[in-house]
Amino acid sequence: LVGCDPVSGRNQEVNLCWEQLCVANEYDIEVAKNEDFSIRVIDWSTDGTDDVSSVYDECAWWDYGYFLSPVDVLTPCVYIPAGGELPYSMQASEIAFWGNLECGHTYFWRVMVRKCATGQIVRSPWSEVRSFTIKAGLPVRADYYGIKLLAPDNGCLGCPVSPASFSWAPFKGTEKYKFVLAKDAALTDVIAEAEVATTAFEYDGTLDYSTNYFWRVMSLEPAPSDWSATFSFQTEA
């Protein structure tokens, strides 16, 4: 059971350790909200064939997971720092850039060998799945005062790929809202971003099937607000 910061609602430090397999020195690791890993919150994995030099300029390097080499390869461990906040000058055993883990949730994790100390690219099967739980925060005694998202509901499964409609409750006389839809929990892989005068948005494209999406809203005018909670949903198969 991992502790929870009652102010931020995020995790205290999480340490994940496993036994070294043969002479492995680099690994893939995934952390997800469900046992089949369809809702991943940390995904450091690669097929080992990508040319880093060719993608560095156009993609974030952590998307390719080429730097997950534990400091001690004989007793490999990684850690998710408190709140998940890290500077860009990461150490080898740090695996998060943002507050991924929320209080009151259970998460699942697994690792895979991808490289040996000999320099060979080796792909092992995924390890057995382990889990950990971030303990619940303090009881909420008042309503959440930020923007309340309505639909699609958080954790919704089988949502239609088209039309993709979003709605939220009006917020304190707001005249303009900012909407963001992305494919990752950090909302960096944005597929739609808009400023709207109503409490609804309809995506004019078609979403991918069996894909997880994340969305949030904030007030822009007459005064900017904090971001709403981030909701996630999965599209139909």
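Positive end of the dipole of the stretch 146-210 (Cβ unit charges, origin at the Cα centre): among Ala186, Ser165, Leu150, the Cα lying farthest that way belongs to Leu150. Amide H to amide H, with H built 1.01 Å from N, Glu26 comes under 5 Å of Arg114, Lys115, counting only residues 5 or more places away or on other chains. Computed from phi, the 3J(HN,Hα) profile of the stretch 14-23 under the Karplus parametrisation 6.51, -1.76, 1.60 (θ = phi - 60°) reads 10, 10, 10, 10, 8, 7, 5, 9, 6, 10 Hz, with x in place of Gly and Pro.
Across the stretch 218-230, coupling constants 3J(HN,Hα) worked out from phi with the 6.51/-1.76/1.60 Karplus curve, θ = phi - 60°, read 9, 7, 10, 9, x, 9, x, 10, 5, 5, 5, 4, 8 Hz, and Gly and Pro carry x.
Amide H contacts under 5 Å for Leu157: Gln234, restricted to partners 5 or more places along the chain or on a different chain, H placed in the peptide plane at 1.01 Å from N. Considering the stretch 149-235 at the alpha-carbon level, its Rg and Dmax are found to be 12.3, 38 Å. Under 26 Å of direct C-alpha separation, and excluding same-chain neighbours fewer than eight residues apart, Lys33 reaches these lysines: Lys135, Lys148, Lys183.
Bear in mind these aren't lab numbers, they're just calculated from the coordinates by the rules spelled out. On a predicted model such as this, the values are computed, not experimentally measured, just so you know. Note: ideal-geometry Cβ built from the backbone for every residue, glycine included; neighbour counts use all protein chains shown.
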